[in-house]
Structures are given as C-alpha cells and as structure tokens.
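Asks: Would you mind keeping the following structure in view while I ask a few things?
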Amino acid sequence: MTKTSPTLSAPRHVERLITGQPTTDGAGVKLTRVLTQDLQRRLDPFLMLDNFASDDPDDYGAGFPSHPHRGFETVTYMIAGRMRHKDSAGHEGLLQNGGVQWMTAGRGLVHSEMPEQEEGVMEGFQLWLNLPGKDKLCTPWYRDIQSAQIPEFTTDSHVTVRVISGESHGVTGAMHRPATDYPTNPLYLDVHFPDSGGDFVQVLPALHNAFVYVYRGEVGVVAKDDTVSAVPLHRMAILDNDGDGLHLRAAPGVTRVLVLAAQPLNEPIAQYGPFVMNTRQELMTAVEDFQNGHMG
Ligand code: MN
C-alpha cells in the first residue's frame, strides 16, 4: 500500500559533511569507518558506523574471529554477501542479502563474525548503538532478522523504504521496543529512490540526533529555506537539531540512503576497544572479566 508523505514546516539543515576513514578491523578486513570516536558525543547514542564493500576476498576473507563486546548493541545490515556469527552462549546464525543481526551485548559475550563466501561481493554496515548505564550489564540477546521480515513500503513519490527500526509513515520497523524500556528509540531506514528521482520526507523529533549516509548515487537535503545541500556518495551528513524532520531529494539515477536518528542518552561515554561503559573503572572491570573468562 502506498503511504502518503507527511508535510514538514521546518526540515533540518546539514550541519556537517563527514568523509569516512579507510581502516582495517578484525583479522584484516578493509572497511570505511564512517562514524568515528570523535563524533560519539555529537551523535549520541550512536557510537560507530562501519561500511564494508568489496568484491575482493582479500579485503574481507579473514573476517572477525572471536572477540568480546560489552555495554552496547551491534546492528549489522548485510546488503550483499553472507556472514556467519557464533557466540559464546552457543547461538549461531547466518546473516545474508538484506538481513539484519541486532545484538545486545549487555554484560558481555565473545563472538565471531566470519564471511561464508570465498568470492563475490560483500557489502554492508555495522552500527554500534549505546545502551543506557542501567542496561549495560543486561543479559546478552540477539535477533536475526531475515530480509523478508523487514517491513517495506512505498511512498506516494515511489520511494521504497525498508524500516529496520523505529517508525516511518505509520509503518513500524522490524525492531521496535517501547520507549519506556528503550529510551533511545532508534530509527533506522534504508531508503531507495526510484530511477526517476524524487523526494522523501521523514518526521524526526527535534531532540533526536540524526544523520544520513549515501551508499548509492548522491542525495540533496532540502532545508527550510529551500536551500539544497548535496551529500555525495559515501558521505555522512550530520543534521542539525533545529526542525521537525528530514527532506531528501534525489535526481534521476540510482540513489540509496541510510537514515538514522535516536534520542541521546546524555551519559558519560567511556570506550576501550570493544567495551563501551560510563566510567574508566567499569572499563577496567570489563577487561578483567574478559581476561578471567567471565564474559560469555
Ligand atoms: Mn563483533
């Protein structure tokens, strides 16, 4: 069913364009770190966004062998390819073509994320989403969401939207938890524009920190004074917090954009590698717990 687009009175401006940094992680996987540590405060509760995209097995084949996490969530969205994950609690799953793994590391687990392909394209994203201090030591939990389970709709402008989390145009995402339990209330959309181009509008609460990331083509952000800021391919645009939503415009061609927004936690952020807590003392405890085999 076609969804009617909302009308905004004051769409947000682009505050800043970010170019990702090429890096390697895991056992040598080449990727682009789009959201880096210096942006964690500005984009609270988002901690990291990695984009991996390669058709060269030398870039991804080594994967991410056993490693721990504590204190936050990892959300992996596979655009193309297959990745198998296994964790210390005995869970195992295959993440592939359009599917999502939403993992709440909580008090901690040890897992591996390994490519299950020896050739072809591997493309996707891993997002790190912070947990409030009260939930950082919760029981680890995860959900594998197959592509077909991700709600999808088309707007009256022929834009196709995949709702991974949150709500768009009255459509509730694959992951949706009551704000009372889950204060960050994250929105995660994958927006596909028609080849003819067009507009997409999303209501966003002003308090929520928000950004877009372009992974095909290029998109314009239409602000309240009708100025359009171009966001080129593989750039992240941080949106200001002044306004009632987001207005994107694509020229003809293939354009795909991730849209993310969430309510900030406004808590201290302390990170040491794969552990994200509120204080340095909690990080030291995390390292000890891991070294003593008390994580998963
Ligand atoms: Mn991991």
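Asks: What is the stretch 39-165 by shape, rounded, prolate or oblate, if you read a ≥ b ≥ c off the alpha carbon gyration tensor as root eigenvalues and call it rounded for a/c under 1.5, prolate for a/b larger than b/c, and oblate otherwise?
Replies: oblate
Asks: Counting Lys and Arg as +1 and Asp and Glu as -1, what is the net charge of the other residues whose Cβ lies under 12 Å from the Cβ of Ser168?
Replies: Every neighbour counted, the sum reads -1.
Asks: Further, regarding this structure: Determine the gain in length on full extension of the stretch Thr23-His91; use 0.36 nm per residue of separation and subtract their C-alpha separation, reporting nm with one decimal.
Replies: 21.6 nm
Asks: Once amide H atoms are built 1.01 Å from N in the peptide plane, which residues 5 or more positions from Ile145, or in another chain, come under 5 Å H to H?
Replies: Result for Ile145 returns Val100, Gln101, Trp102.
Asks: If I fit a long axis through the Cα atoms of helix 280-291 and take the longest principal axis of the Cα atoms of the chain, what angle between them do I get, 0 to 90°, rounded to 10?
Replies: Rounded to the nearest ten degrees, it is 60.
Asks: Taking the Cα centre of the stretch 121-200 as the origin, how large is its charge dipole in debye, to the nearest 20, when only Lys and Arg (+1) and Asp and Glu (-1) carry charge on their Cβ atoms?
Replies: 460 debye
Asks: Give me the lysines in straight-line cross-link reach of Lys136: C-alpha distance below 22 Å, same-chain residues under 8 apart excluded.
Replies: Once the sequence-local lysines are set aside, what remains near Lys136 is Lys86.
Asks: Which aspartates and glutamates, if any, have their Cα less than 13 Å from the Cα of Lys30, not counting same-chain residues under 8 positions apart?
Replies: Result set, ordered by chain and number: Asp50, Asp55, Asp56, Asp58, Asp59, Glu123.
Asks: Then there's this: Need one word for the stretch 2-291: rounded, prolate or oblate. Basis is the Cα gyration tensor (sqrt eigenvalues a ≥ b ≥ c); a/c below 1.5 gives rounded, then a/b vs b/c decides.
Replies: Here the stretch 2-291 falls in the prolate category.
Asks: Please get the size of the charge dipole for the chain, origin at its Cα centre, with Cβ charges of +1 on Lys and Arg and -1 on Asp and Glu, quoted in debye to the nearest 20.
Replies: Around 480 debye, computed over the chain.
Asks: How much mean residue ellipticity at 222 nm does the chain get from its helices, if each DSSP H run of length 4 or more adds -39500 (n - 2.57) and you divide by all residues, to the nearest 500 deg cm²/dmol?
Replies: Taken over the chain, the calculation gives -1500 deg cm²/dmol.
Asks: Can you list the aspartates and glutamates whose alpha carbon is less than 17 Å from that of Lys224, not counting same-chain residues fewer than 8 positions off?
Replies: Straight-distance partners of Lys224: Glu15, Asp199, Asp240, Asp242, Asp244.
Asks: For Leu187, list long-range residues whose amide hydrogen, built 1.01 Å from N in the peptide plane, is under 5 Å from its own amide hydrogen.
Replies: Counting only residues 5 or more places away or on other chains, the set is Ala261, Ala262.
Asks: Taking a ≥ b ≥ c as the square roots of the Cα gyration tensor eigenvalues, with a/c under 1.5 meaning rounded and otherwise prolate when a/b beats b/c, else oblate, which class fits the stretch 144-189?
Replies: oblate
Asks: How large is ³J(HN,Hα) for each residue in the stretch 258-265, as worked out from phi by the Karplus curve 6.51 cos²θ - 1.76 cosθ + 1.60 (θ = phi - 60°), to whole Hz, x for Gly and Pro?
Replies: Result, rounded to whole Hz: 8, 10, 10, 7, 6, 6, x, 8.
Since every read-out is calculated from the coordinates, none of them should be taken as a lab result. Just so we're clear, the structure is a prediction, and the values are computed from it rather than from any experiment. All Cβ positions, even for glycine, are placed from backbone atoms using ideal geometry, and neighbour counts span all protein chains on display.
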